[in-house]
Each structure stands twice: as structure tokens, then as C-alpha cells.
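Since every read-out is calculated from the coordinates, none of them should be taken as a lab result. Fair warning: this is a prediction, and the values are worked out from it, not measured in the lab. Positions of Cβ are backbone-derived with ideal geometry, glycine not excepted, and every protein chain shown enters the neighbour counts.
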Amino acid sequence: MEQYLQGLALALIEGLTEFIPVSSTGHMILLGEGIGFTGDRAHSYEVFIQLGAILAALVYYQERFLGLLPQGPGGWKNLLLGPTRPQGLHILLAILPVLLGGFLLHGVIKTRLFSADTVAWGLMIGGGLLILVDRLPLRFAAGSLEQVSLRQAGWIGLGQCLALWPGMSRSGSTMIASMLAGVERRPAADFSFIIAVPVMAAAVSYDLYKSWHFLTLNDAPLFCLGFVAAFVVAYGSIRWFLSVLHRWGLAPFGLYRIALGGLVLWLL
């Protein structure tokens with residue numbers, strides 16, 4: 001029973017934090033160490049439940065993803081240059097840098113950066129950047145998702161590489177890069193959540209491929225519970241974050257991150 005409670009707690013944290021700029025990976029590392037849910041099997045579980053969060057984003061933005069599918073006389077050309085915005089080419093430019101960086105640095109990240117102190121520094125640095133970008137007098141060229149340019153998508157892709165440091169937050173890094181590139185908060189959040197699907201799917205698939213031999217059929221009930229819980233909470237988290245983003249901005253999330261990171265360093 002204890003492992004199910006631990007697994008449920010991690011799934012709830014994953015669903016709650018995956019799509020808000022506070023670092024789901026950082027929170028799961030801290031929680032896992034705090035409750036003693038560690039080791040190869042625990043890591044595989046933490047990776048697997050991200051599939052639930054991926055499905056939540058896929059369902060929430062299903063119309064845009066369906067618009068990317070090959071259809072009509074354009075055939076497979078629709079996948080990159082179809083009428084749906086953002087086009088597949090926007091998404092490709094925004095995900096290639098982090099996929100390449102993650103592939104090349106996977107071993108270093110897993111062995112050197114997955115610890116409480118590195119997460120704490122990532123939380124605080126990312127929190128400071130969130131507050132800074134929220135206060136800068138920025139000029140926005142893209143006020144909607146349809147107006148995001150290919151150049152902006154490329155800059156967002158480079159900015160997303162900051163998320164390779166656990167605690168920096170993938171959504172936080174992409175929103176910071178989006179706003180600095182001239183995309184307003186709401187379309188920045190939408191674009192961040194859309195490109196999360198292929199990025200997370202690739203990362204999760206690679207991680208599970210590397211660690212699949214640790215798992216048995218006895219793990220299936222726990223993994224299924226975590227998947228469902230992460231999906232339900234992540235879907236609600238997306239809706240909630242988008243509803244408060246205009247009123248709150250990013251600064252409150254930055255302050256929370258700095259406070260949490262400082263508390264972790266103090267406890268260490």
C-alpha cells in the first residue's frame with residue numbers, strides 16, 4: 001500500500017506541475033528523495049507517468065494536432081506546411097535544439113544534475129528569470145498563436161534548451177524565450193504546451209527504452225494508476241494555468257520557485 005501512496009503522490013505532483021513554469025522534474029526529484037521513492041524502478045515510474053501529462057496536452061489541443069495530419073491533395077506536405085497554425089515547421093524548429101541537446105547530454109544530465117542542490121539552483125535562477133521577463137517593457141509582435149513566426153519558433157527552440165538543467169522547467173524556459181522573442185503570454189503558453197507533446201514523447205520513449213529491463217508485469221497496476229492520475233490532474237492544470245495567466249502573470253510562479261529553492265538549500 002505504501003508504494004501506491006508514494007506513486008500517487010508523485011503522479012499528482014507531475015500532473016500539477018508539468019505545464020506550469022515551476023519544474024515538474026525538479027518537484028519529483030525533491031519529493032522522491034523526501035519520501036524515499038528512489039532507484040531505477042522509481043525513475044522508470046517517474047518517466048512513465050509523464051505519458052499521462054502528454055495525453056492531457058494532446059487532448060486539450062486536439063484540433064490543432066489533427067490539423068497537422070496529412071489530408072487532402074497536399075498529402076504529407078500538410079505535416080510541415082499545412083493550413084493549421086502553428087505549422088509542423090514551427091514545431092520542428094522549436095523542438096530540434098532540445099532533442100539534439102538531450103540526446104548528446106543524456107548521460108551527463110542523469111548522472112551529474114539529478115540532485116536536490118542542482119534542482120534548487122535551477123528553481124531559483126529560473127524563478128528570477130520569470131520575474132524579470134514579466135517586468136520588462138517588452139513589445140509583442142505575436143498576439144495570438146497564429147501570428148508566431150518561424151524565426152520566433154527558432155528562438156523558442158534555443159531557449160527551451162535551458163530546460164535540460166533539472167529545475168529550470170521546460171514550460172518556464174519556453175515561455176521566457178517566447179516573450180523575449182515577442183510573443184505575448186497566452187500564445188507563449190499555448191505554444192509551449194503544444195511543443196511539449198513531441199519533446200516529452202521523445203524524451204519519455206528514450207528513457208523507457210534505456211530502463212525497460214527494470215520492469216515486470218507486477219509493476220503494471222502502479223504504473224496505470226500513476227498514468228491516469230497524471231492525465232486527469234495535468235488536464236485540469238492546463239485549464240487553470242491558462243485562466244489565471246492574464247491576471248497573475250509569471251511573477252508569482254517565480255517567487256514560489258525562489259522560495260522553494262532557497263528552502264531546499266537551507267535544509268541541505
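Per DSSP H run of at least 4 residues, take -39500 (n - 2.57); add these up for the chain, divide by its residues and hand me the 222 nm value, nearest 500 deg cm²/dmol.
That calculation yields -23500 deg cm²/dmol at 222 nm.
When Lys and Arg each count +1 and Asp and Glu each count -1, what net charge do the other residues less than 13 Å away from residue 107, Cβ to Cβ, add up to?
+2
I need the shape label for region 116-175. Rule: rounded when a/c is under 1.5, else prolate if a/b > b/c, else oblate, with a, b, c from the alpha carbon gyration tensor.
oblate
Which peptide among 159-166, 106-113 comes first, and what is the full order, when sorted by highest mean count of other Cβ atoms within 10 Å?
Working: 159-166: 22.2, 106-113: 12.6.
Result, highest mean Cβ count within 10 Å first: 159-166, 106-113.
With θ set to phi - 60° and the Karplus curve 6.51 cos²θ - 1.76 cosθ + 1.60, what are the ³J(HN,Hα) couplings of region 102-108 in order, to the nearest whole Hz, using x for Gly and Pro?
Along region 102-108, the couplings run x, 5, 6, 10, 3, x, 5 Hz.
If we sort 199-212, 247-260 on the protection proxy, mean other Cβ atoms within 10 Å, highest first, what's the order?
On the way: 199-212: 15.6, 247-260: 17.9.
With the highest mean Cβ count within 10 Å placed first, the list reads 247-260, 199-212.
Express in nm, to one decimal, how much length is gained between residue 205 and residue 115 on full extension, taking 0.36 nm for each residue of separation and deducting their alpha carbon distance. Spell out each step's value before the answer.
Values: separation 90, 0.36 × 90 = 32.40 nm, distance 2.23 nm.
Stretched fully, the residue 205-residue 115 segment lengthens by 30.2 nm.
Can you list the residues, at least 5 places off or on another chain, whose amide H is less than 5 Å from the amide H of residue 84, using H built in the peptide plane?
Under 5 Å from the amide H of residue 84 lies no amide H from a residue far enough along the sequence or on another chain.
Taking K and R as +1 and D and E as -1, what net charge do the other residues with C-beta under 12 Å from the C-beta of residue 210 add up to? Numbers along the way, then the final one.
Values: positive: 110; negative: 40, 207.
Local net charge: -1.
Just the number, please: Stokes-Einstein D of the chain in µm²/s, Kirkwood Rh from C-alpha pairs, 10 °C, 1.306 mPa s. List each step's numbers first, then the result.
Details: Rh = 18.8 Å.
In µm²/s, the coefficient is 85.
Would you mind calculating the relative contact order of the chain from Cα pairs under 8 angstrom and at least 6 residues apart, reporting the percent as a whole number?
Relative contact order of the chain: 35 percent.
Quick one: what are the phi-derived ³J(HN,Hα) couplings along region 170-179, Karplus 6.51/-1.76/1.60 with θ = phi - 60°, whole Hz, x for glycine and proline?
Result, rounded to whole Hz: 5, 5, x, 5, 5, 5, 4, 4, 4, 5.
Local charge sum around residue 52 (other residues, Cβ-Cβ under 13 Å, Lys/Arg +1, Asp/Glu -1)?
Local charge sum for residue 52: -3.
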